[in-house]
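The structure appears right after this line, and notes come after that.
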Amino acid sequence: MVTAVLRPGKTPTGAENASILRRVLERLRAAWPDTHILVRGDGHFANPEIMSLLAERANTDFLVGLTGNNRLYEQARPYLDAAAEMHAARCAEAQRMGITPPQATRSYHELSYAAGSWLIAPRVALKAEVMAAGRNPRFVVTSLQHPEPEQLYADLYTARGQDENFIKHWKNDLFAERTSDRSFLANHLRLFYACAAYVLHHALRTQVLAHTELARAEPGTVIVRLFKLAVRVVPKKRRVDLHLSTGCPVKGLLHRASEI
């Protein structure tokens, strides 16, 4: 967990994103002064403030999604036409041979594009994808100079999907979106409780449950397997004993966790 901010339910401005990212980058750079930092994000980060912030920092690059517009779609059309033709040919060949047709056909290309508000001239890459459901163009913008468009998108950009899964775990399993109080401040405190729960889960999973079947488990799985258990409560004079069932499947894990 790096940070979480409760904010109004509207698209954040570039200045707002840049103010948060600047603090994160300063903390990272203080810990790793010589490490190359690559900032990845969705289309909300493709704005002049973010690009300028990162361009002025040494050993720092960005690779973010870019929302399509008429000019981008116009440049992408020839590549999508070629992909559609290739996809139709591949599907016809699969039908002739009696095998499952391909789900998608895609190619990767570099485009010549720069928005008027951009203060720098980054590269723009296209994923020209055609599926049974139709055409699916995707764009990314980056300050990286060397990787080819396919490597930019397929290897570097899509790898951020795992980070999205971590955010989903925090929202769904630990109820980070439970902001039902009428007070904004109270809801911000609820958000911090969810952050604390995520930090505790991360420490439990990486330190206590390392090298077990729950070492890579989601928070919901850990909660169901280790905490939502039926026990017999036996009050004693100086303690309260919790008696597990004889056939408890996670008895070993519980002994390990309590010993550590």
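For the range 32-143, the solvent-accessible area works out to 55 Å² per residue, with a probe of 1.4 Å and every protein chain left in place.
Ligands, DNA and RNA are left out, and with a 1.4 angstrom probe the accessible area of the range 154-260 is 72 Å² per residue.
Using a probe of 1.4 Å on the protein chains alone, the accessible area found for V240 is around 90 Å². Of the solvent-accessible surface of the range 155-235, computed with a 1.4 Å probe and all protein chains present, 58% belongs to carbon and sulfur.
Of the residues L126, L156, ranked by 1.4 Å probe accessible area with the largest first, the sequence reads L156, L126. Normalised by the number of residues in the chain, the average gap of Cα pairs under 8 Å and 6 or more apart makes the relative contact order 14 percent. Here the 3J(HN,Hα) profile of the range 31-38, calculated from phi with Karplus coefficients 6.51, -1.76 and 1.60 at θ = phi - 60°, is 7, 10, x, 10, 7, 6, 10, 10 Hz, Gly and Pro shown as x.
In the chain, helices alone account for a calculated mean residue ellipticity at 222 nm of -12500 deg cm²/dmol, with every DSSP H run of four or more residues adding -39,500 (n - 2.57).
Each residue was assigned an accessible area with a 1.4 Å probe, and for E259 the value is about 150 Å². In this Cβ point-charge picture (+1 for Lys and Arg, -1 for Asp and Glu), the range 7-145 has a dipole of about 280 debye about its Cα centre. Taking the 1.4 Å solvent-accessible surface of the range 8-120 as the whole, the part contributed by carbon and sulfur is 53%.
Working note: Karplus 6.51/-1.76/1.60 with θ = phi - 60° gives the range 48-64 the couplings x, 5, 5, 4, 5, 4, 7, 5, 7, 9, 5, 6, 9, 9, 9, 8, 10 Hz, where Gly and Pro are set to x.
Using a ≥ b ≥ c from the Cα gyration tensor of the range 102-239 (square roots of the eigenvalues), is it rounded, prolate or oblate, where a/c under 1.5 gives rounded and otherwise the larger of a/b and b/c decides, a/b for prolate? Because a/c hits 1.5 or more and a/b exceeds b/c, the range 102-239 counts as prolate. For M131, the solvent-accessible surface with a 1.4 Å probe is about 70 Å², rounded to the nearest 10.
Annotation for the range 52-90: GluC sites (Glu not before Pro) lying in DSSP loop with at most 16 further Cβ atoms inside 10 Å of their Cβ are E56.
Accessible surface ranking for R160, R182, R27, R239, 1.4 angstrom probe, highest first: R182, R27, R239, R160. When Y108, Y193 are compared by accessible surface with a 1.4 Å probe, the order from highest to lowest is Y193, Y108.
Projecting the Cα positions of F184, C195, N165 onto the charge dipole of the range 129-196 (unit charges on Cβ atoms of Lys, Arg, Asp and Glu, taken about the Cα centre) puts F184 furthest along the positive direction.
Rounded if a/c is under 1.5, else prolate if a/b beats b/c, else oblate: with a ≥ b ≥ c from the C-alpha gyration tensor eigenvalues square-rooted, which is the range 41-192? Note, shape of the range 41-192 comes out oblate. Amide H to amide H distances under 5 Å link D42 with G65, where only residues 5 or more positions off or on other chains count and H is placed in the peptide plane. Along the range 185-199 the Karplus relation, 6.51 cos²θ - 1.76 cosθ + 1.60 evaluated at θ = phi - 60°, assigns HN-Hα couplings of 5, 5, 5, 5, 5, 4, 4, 5, 4, 5, 4, 4, 5, 5, 4 Hz to successive residues, with x for each Gly and Pro.
The values are calculated or read from the model by the stated rules, or taken from the named source; none is laboratory data. Please read all numbers here as calculations on a predicted model, not as lab measurements. Cβ atoms come from the backbone with ideal geometry, glycine included; neighbour counts cover every protein chain shown. Note: accessible area is taken over every heavy atom of the protein model, side chains too, but ligands, DNA and RNA are not part of it. Shrake-Rupley method; radii C 1.70, N 1.55, O 1.52, S 1.80 Å.
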